[in-house]
């Protein structure tokens, strides 16, 4: 097995949820892990269970992923549904799961060369630490740029070990941007969900998009998405089911003011983006206390706030990392 194939096989695939005895459906725990935040929602038969949304601010000063994993362990243990009946979908904050758009290279035609080339692309932005990351790329056509994702190998292995320890089915580990894209209503799905066992079909190019998403993506015009996390805005443009550009930058608490400015600066550098008239926005920041929060300014008309894929916003509980909230 080539290195790129082994990498693909270490990352989770689209969910195949297990039926719950006596409930006539399937339960999936969709989780967002961030340095100081854990958010989750329980899905039953693909639909959000009323009242199941959970949000916790983690007392995790160092921001290490181990604290968030222990908080997730506590959340699974206190779930009303037996862990063996839960399928996990895990979304990682951009701090822990980096994405880049790599230019086409003939190195992508060889599995061994592709692995080295893609890791070099990540290392150019994130330093030599990226050379030890687990990586995967999409399967865009010959000559097109590739969307590449990289994450700490120890983090991926720790998540898989947690699922195994708790008897859960861990079917997805992906960047938060990928979750936002595939859950966005009436939008094409992208090739950012990484599918193990598909290397025979994809070879060095990475995991192929599933057929329904591929069909849904045909013939759609370019559109854009902005994902807001604590301290960071990530913007992406999508066309025909492919991410065509990614832009990320730090942000403060007043992201409603910073997002339009960030988009305008990006448009000045890439004038072709001016043709995009609608930008979907997903806010993954923890809700602020009503006593402290001021009414945010309205977003300009081209920005459209979408539903949070981890449930309706709620006042988060405060918990030490690793404790049940």
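Taken together, the values in this text are just the output of simple stated rules run on the coordinates, not laboratory data. Just so it is clear, the model here is predicted, and its values are computed rather than measured. Quick reminder, even Gly has a Cβ in these numbers, built from the backbone with ideal geometry, and neighbours come from all protein chains shown.
Extension gain, residue 73 to residue 258, is 63.1 nm, computed as 0.36 nm per intervening residue step minus the present C-alpha separation. In whole Å, what is the distance between the alpha-carbon centres of the stretch 21-76 and the stretch 148-187? That distance is 12 Å.
Sort 149, 97 by Cβ crowding within 10 Å, fewest neighbours at the top.
Neighbour counts put them in this order, fewest first: 97, 149.
What residues from the stretch 85-115 fall in the zone where the backbone N is under 17 Å from a label point 7 Å along the Cα-to-C-beta line of residue 131? Within reach of a label on residue 131, which here means backbone N under 17 Å from a point 7 Å along Cα→Cβ, the stretch 85-115 contributes 113-115.
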